[in-house]
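The structure under discussion appears below in the form of structure tokens.
The values are calculated or read from the model by the stated rules, or taken from the named source; none is laboratory data. What you see is a predicted model, and the numbers here were worked out from it, not measured in a lab. Positions of Cβ are generated from backbone atoms using ideal geometry, with glycine treated the same way; all protein chains shown enter the neighbour counts. Keep in mind that these areas ignore ligands, DNA and RNA; they rest on the heavy atoms of the full protein, side chains included. Shrake-Rupley method; radii C 1.70, N 1.55, O 1.52, S 1.80 Å.
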Amino acid sequence: MGNASLEGLKIIEMTEAWAGPVCASLMGDMGADVIKVESFPRHSLTRPTSPRYATMPGDGPVYERDALHHQGNRNKRNIAIDIRTESGNQILKKLLSDADVFIEGYAAGKIEKLGFGWKDVQKINPNITMISIAGWGLEGPYKKMVTLGAGLDATTGHLSLRGYPEGDFVDTHPNFHSDATGSSTIFFAALTALLQRQKSKTGTFIDLSQWEGLVWQFPTILAEWTMNQRIPERLGNDDPHIVPHGVYRTIDDDKWIVVAAEDDQQWEGLCKIIDRIEWSEISHKYSSIVGRIKGREEIDNAIESFTKQYEGFNAAEILQNNNVIASPVVTPPDVLLSSQLHDRSWHQTITHKWTGPVMVGGFLWDVEPDSLSWDIPTALVGQHNEEILIELGYDEKKISEFYTNGSIGNHYEN
Amino acid sequence: MTQPLDGLKVIEIGGTVSVSAAGKKFADFGADVIKIEPPQISEVRKIAPFPDDIFHIDKGAVHLAFDTSKRSIVVDHLTNSGKEIIQRLGSKANLIIMDIPAKEALDLINIFKDGDSLLTNIVTITPHGMTGPYKDRIENDLTLFGWSTRSHRHSITGREPLRYGPYAGVVQIGSTAAAVGMAAIWGSRSEGMSRLVDVAGVEALMGNVDSGFFLWAVNGALQPRSAGQSTGLYPMGAYKCKDGYMLFSAGRDPVYSRLCNAIGRPDLSTDKRFTDPVEKPKHFEAFKEILEEWLSTRTKYEAFDELQEKGVMCCPVLDASELENDRQSVHRKSYITRNQDGIGDITIAGPPFRMNGLHSDAWQSKPAPSFSQHTNEILEEYGYSKQETIALFRAGVTT
């Protein structure tokens, strides 16, 4: 039995890729009854039917072993419905009739065509919160535009300042930061609406543009322009007001460490370790941040002369023990070297029907007194069809009929 | 109409970027957010840019954006007198969010304990969590990103790993804390139990998507550290057009075929050089030449409109000067301009989600408070006499 903060809430999630699914998993972590309405017979983006780089080892269908799908779908039940069919449409209506939150991720306008726009949903359940998470929202000239998280990043100005200072955009890796942050924004939106419902006694609709959910997080990008008419430059890891503030080589090939000293005290600790104690004395130009900013290159070279003698975790340990900000640049396998994460039992081992026991990353937070638990590994397509349909009042005969007429399913055709 | 979170009281302690980001959504949606700032000036107030590059405690861009709609009180939480103030404020709060060193956080948690019970919900934000051998380590946005595995992937093999934009990591951590804080509030309202939530920055970043750990853990895959343009599955990444760059996510069908049709080269969607997974990487340069030739006659907005019309996932790469006037931003009023005392008009991002209608007053951005603006007001509200307030000031607990 895990955390019960959201116990009693019923969440219907009909989204793909990451921001929506991860949000729903986080709600499941906190005790909500989350039902994922899986696309059927079309398989979702994260359920490919042929192997790819993210396919996990094991037997069984490829679409049940995609890591990108597993990453965003724990702690949910799964029902696979073709909502274009009459029966499928009725099943979704029943699901929504007593749900607290409905999260949908179709392109703008699509859900209305399927008969589940806000006006329709409101009639089914006036108390429900419905959240649409189209990339640019449901209104505006871009509402029909399609994108993934990398595209949203490009249009917030974030991509324009990521990357190597001397590089070009072609060297900058697309990222999925909007997915990583979008889940918590959707989560917050859902609970804001539920708290409002306690007063208003009625449901609400939320138009959550994932672009708007991302752009508020970058105030410095906009302000450089609006305050000082400057377009922020790509600075790599540099900070114009902090020296040192960078990433340095370690003794291992292509392994790195971050080092920063934000004030004179941290700087003094660093000088001791890199054998430049005189650089922290009042007579030396680098004892002042003003001098350090002018001497960035020489300081970086001195730090790297030190870090190149050590493995990253060891160097970070030495520096941290002297009050210096430092961390190894962790690769995925390095995560297992962190005594901290082991001490906190962060990693989880889950058992899935087709992959067997696998180690995965842990939760985003820990809670007392009722800690989180990974109660439901990523569900199979339609794994809970029968269980959920019986809860909705259907009998076995009817359920069998749904399978026969294609309203529901529990596997995809390859 | 009242705002959705009217009636909620949230206390924010620490003055960091993370905790300021965490409190922002609560405040803008109507909660009474009291920002307890240290006498030594909050981190969030020190961050550039400043108007005309003249630093000022009340004019930093991050403070102006993240501290909207809050009240500011200065309290030294390390003193017993300061802890007494925090205890009085916190006992009436629905949630306390704090981003201070673990040992200081533990001291404050203890004043809200009644035996095994907690008197209010508390979310702690620390780099590594409240327990474990690294709990007292000092980190910043750059090192937290280094820990998250995301920095490593955001680089080219052999070259130094890179962070994202400034403060991207710590803002994500703050946003995570806000979400779980809401869950704690909901839980205590429905079942009467307060919770203690431990948000470790490293875990919040590493446990979410965009981290490479999950993928490696479950199938041993290490994502390539290649340049932005994928040479195996393309077009993915930024490509040059007439006046800038376009970002494509069009490497897979059916989007790839739509692109081929849209640029007048439907043959490319069946040409084995560009569709066979073994052959495709060998012909990246040839494809790039074709695509960039098409793009070279179009501006990024022309290409965006033309390609999106055909269902191709692509977006213009915008810089800071282009954000406010982007058509979508203008239509939705995604940025707002409002008056800030001592500065005049400033522009910040609008609501992160639209509730009760596109332009409802569910979200309201009131000016960010000046340093200690509400210290007297809040102390009086919580029962301190004027002489007691002076005594606290005289003792250096407030300022």
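Laid out as a table, the results:
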quantity	calculated
Listed peptides B:143-152, A:253-262, B:129-138 by packing density, highest first (mean Cβ within 10 Å)	B:143-152, A:253-262, B:129-138
Test item: B:192-202 mean partner chain Cβ contacts at 10 Å	5
Mean residue ellipticity (222 nm) of chain B, computed from DSSP H runs ≥ 4 via -39,500 (n - 2.57), nearest 500	-10000 deg cm²/dmol
Residue mean of other protein chain beta carbons inside 10 Å, B:21-27	2
A:Asp59 paired with B:Thr275, simple spin-label distance in nm, labels 7 Å along Cα-to-beta-carbon	3.5 nm
Unit Cα scatterers, Debye sum, chain A: log10 I(q)/I(0) for q = 0.15 Å⁻¹	-1.40
Approximate spin-label separation A:Asp98-B:Thr2, in nm, with each point projected 7 Å along Cα-to-Cβ	2.9 nm
Total charge dipole magnitude, the protein assembly as shown, about the Cα centre, Cβ charges on Lys, Arg, Asp, Glu only, Debye to nearest 20	1440 debye
Those aspartates and glutamates that a straight Cα-Cα span of less than 17 Å connects to B:Lys282, excepting residues fewer than 8 apart in one chain	B:Asp271
Computed [θ] at 222 nm, helices only, for chain A once each DSSP H run of length n ≥ 4 contributes -39500 (n - 2.57)	-10000 deg cm²/dmol
Cα convex hull of the range A:245-339, projected area averaged across orientations, nm²	5.7 nm²
Within chain B: Cβ-based charge dipole about Cα centre, in debye rounded to nearest 20 (Lys, Arg +1; Asp, Glu -1)	540 debye
Set A:Lys76/B:Lys25; A:Lys10/A:Lys94; A:Lys143/B:Lys300; A:Lys255/A:Lys308; A:Lys93/A:Lys113 screened for pairs whose C-alpha atoms are more than 20 Å apart	A:Lys76/B:Lys25
Stokes-Einstein D (µm²/s) once Rh is taken as the Kirkwood radius of the range B:236-317 over alpha-carbon pairs, at 25 °C in 0.890 mPa s	196 µm²/s
Under 9 Å, Cβ to Cβ, from A:Thr129 - net charge with Lys/Arg +1 and Asp/Glu -1	0
Cα-derived Rg over Rh, computed across chain B with Rh taken as Kirkwood radius	1.05
Separation of the A:Arg52 and A:Lys353 label points, Cα + 7 Å toward Cβ, nm	2.3 nm
Dipole magnitude of chain A, debye to nearest 20 (Cβ charges: Lys/Arg +1, Asp/Glu -1, about Cα centre)	1440 debye
Where only C-alpha atoms are counted, convex hull volume of the protein assembly as shown per residue in Å³	158 Å³
Convex hull volume per residue for the range B:103-218, taking Cα atoms only, in Å³	134 Å³
Relative packing of B:34-44, A:213-223, B:299-309, which averages over residues the other C-beta atoms within 10 Å, highest first	A:213-223, B:34-44, B:299-309
Positive minus negative residues near B:His374 (Lys, Arg vs Asp, Glu; Cβ under 11 Å)	-2
Sparsely packed trypsin sites (Lys or Arg not before Pro) within the range A:148-219, loop by DSSP, other Cβ within 10 Å at most 10	A:Lys201
Number of partner chain Cβ atoms within 10 Å, mean per residue of A:132-144	5
Buried area at the A-B interface (accessible, heavy atoms, 1.4 Å probe, summed, Å²)	12900 Å²
